[in-house]
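Presented below is the structure to which this report refers.
The values are calculated or read from the model by the stated rules, or taken from the named source; none is laboratory data. Note that the structure is predicted; figures quoted are calculated from it, not measured. Virtual Cβ from ideal backbone geometry, glycine too; neighbours counted across all protein chains shown.
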Amino acid sequence: MLGSQLKNISIEKLFNKTIDLVFAVILLFITLTMIIGVIRLFYRLGSLVQEGGITGSYLYIFSDVLTLFILIELSRSLFEYFTTKKLPLTPIIDAGIVFVLRHIMIDLFNHKLDTDNIYALSALLLTLGAIRVSTTFTAQRETTQIPLASPEESISSKKLT
């Protein structure tokens, strides 16, 4: 009986169910992390009001907000997977761009970024931006692609005009 049930389950279905389960668990953990992050953000705002200077707390709040943006972009890509069964590249690249920008802003604020790192991170941002733009153009081209007409159709359309 077990052997006949295993024959009915294809490897592809098993793989797809496993991927769906893994992505669902990851999405659940990202959602819980975002909820905890928002609660911590409000807690930090309360401590910001109580403290005299805002410089130190401001850095933590800024870092938390940018981290939440990264988690939102990653959860968007996972959520889109469940609707299209494709893992979109654009939100993942957006999360990478926000992550690099977060790193640059925090290190610049702390005066810990030297010239070589600025050049390297700038090149990384340029590369991620170029990939982002190219994926956008590719997606637009795929959605607005017009089927080519046969030679007979193009000749008959020229005669009509």
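Which residues, taken from region 7-32, are within 16 Å of Lys85 (Cα to Cα), surrounded by 12 or more Cβ atoms within 10 Å (Cβ to Cβ), at pLDDT 90 or above and of a type outside the set (Asp, Glu)?
Selection gives Ile19, Phe23, Ala24, Ile26, Leu27.
Taking region 72-102 as the region of interest, how many residues are within 8 Å of the chain's Cα centre (by Cα) and closer than 27 Å to Phe42 by Cα?
11
Would you check if there is a residue in region 61-77 being more than 26 Å from Thr33 (Cα to Cα), among the acidic types (Asp, Glu) and in a helix (DSSP H, G or I)?
Keep residues of region 61-77 that are more than 26 Å from Thr33 (Cα to Cα), which gives none.
Taking every residue of region 61-77 in turn, none turns out to be more than 26 Å from Thr33 (Cα to Cα), among the acidic types (Asp, Glu) and in a helix (DSSP H, G or I).
Of the residues Phe69, Phe99, Phe82, Phe42, which single one is within 30 Å of Val25 (Cβ to Cβ), hydrophobic (A, V, I, L, M, F, W, C) and touching a residue at least 60 places away in the same chain (Cβ under 8 Å)? Full working, then the answer.
Values: Phe69 fails: touching a residue at least 60 places away in the same chain (Cβ under 8 Å); Phe99 fails: touching a residue at least 60 places away in the same chain (Cβ under 8 Å); Phe42 fails: touching a residue at least 60 places away in the same chain (Cβ under 8 Å).
Checking each option against the conditions leaves just Phe82.
All but one of (1) within 19 Å of Leu28 (Cα to Cα); (2) surrounded by fewer than 16 Cβ atoms within 10 Å (Cβ to Cβ); (3) at pLDDT 85 or above hold for Leu74; which doesn't?
Every condition holds for Leu74 apart from (2).
Just one of (1) more than 28 Å from Phe137 (Cα to Cα); (2) at pLDDT below 85; (3) within 26 Å of the chain's Cα centre (by Cα); (4) surrounded by 15 or more Cβ atoms within 10 Å (Cβ to Cβ) trips up Met105, so point out which.
Against the list (1) more than 28 Å from Phe137 (Cα to Cα); (2) at pLDDT below 85; (3) within 26 Å of the chain's Cα centre (by Cα); (4) surrounded by 15 or more Cβ atoms within 10 Å (Cβ to Cβ), Met105 comes up short only on (2).
Is there a residue being among the polar types (S, T, N, Q) and not in a helix (DSSP H, G or I) anywhere in region 98-117?
Here is the first cut: in region 98-117, the ones among the polar types (S, T, N, Q) are 110, 115, 117.
Now drop any that are not not in a helix (DSSP H, G or I), which leaves 110.
Yes.
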